[in-house]
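Below: one structure, written as structure tokens.
The values are calculated or read from the model by the stated rules, or taken from the named source; none is laboratory data. Here the structure is a predicted model, which means the values were calculated and not measured. Positions of Cβ are generated from backbone atoms using ideal geometry, with glycine treated the same way; all protein chains shown enter the neighbour counts. These area figures cover heavy atoms from the full protein model, side chains too; ligands, DNA and RNA do not enter into them. Shrake-Rupley method; radii C 1.70, N 1.55, O 1.52, S 1.80 Å.
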Amino acid sequence: MRSAEKAFAAYYAAMPDEELLRVAANRESLVPVAQAVLAAELLKREKRGLTIPAPTSKIRDSGRRWWRWR
């Protein structure tokens with residue numbers, strides 16, 4: 001496991017369930033490595049009985065289109 005993965009794993013493992021679920025509600029805003037580690041932590045907790053709501057797809061305007069070079 002790489003150091004970023006270890007750091008995210010320790011961070012998410014230390015979170016209470018409620019806080020982890022709040023982070024999971026906005027998972028699409030996380031970097032890919034954080035998303036993967038979050039998914040693994042959610043799976044662990046689901047096996048221990050945590051109910052995880054299905055992800056909702058939210059369309060957001062990130063403003064990126066203003067930064068594209070044409």
Quickly run through region 13-22 and pick out the residues that are among the small types (Gly, Ala, Ser) and surrounded by 11 or more Cβ atoms within 10 Å (Cβ to Cβ). ALA13
Of all residues in region 44-61, count the ones that are open to solvent by less than 100 Å² (accessible area, probe 1.4 Å), among the hydroxyl-bearing types (Ser, Thr, Tyr) and either at pLDDT 75 or above or in contact with a Gly (Cβ under 6 Å, 6 or more places away or on another chain) (or both). 0
All positions within region 27-51 that are in a loop (DSSP other than H, G, I, E, B) and under 19 Å from ALA7 (Cβ atoms): LEU30, VAL31
For region 23-35, enumerate the residues that are within 11 Å of PHE8 (Cβ to Cβ) and open to solvent by less than 60 Å² (accessible area, probe 1.4 Å). VAL23, LEU30, VAL33, ALA34
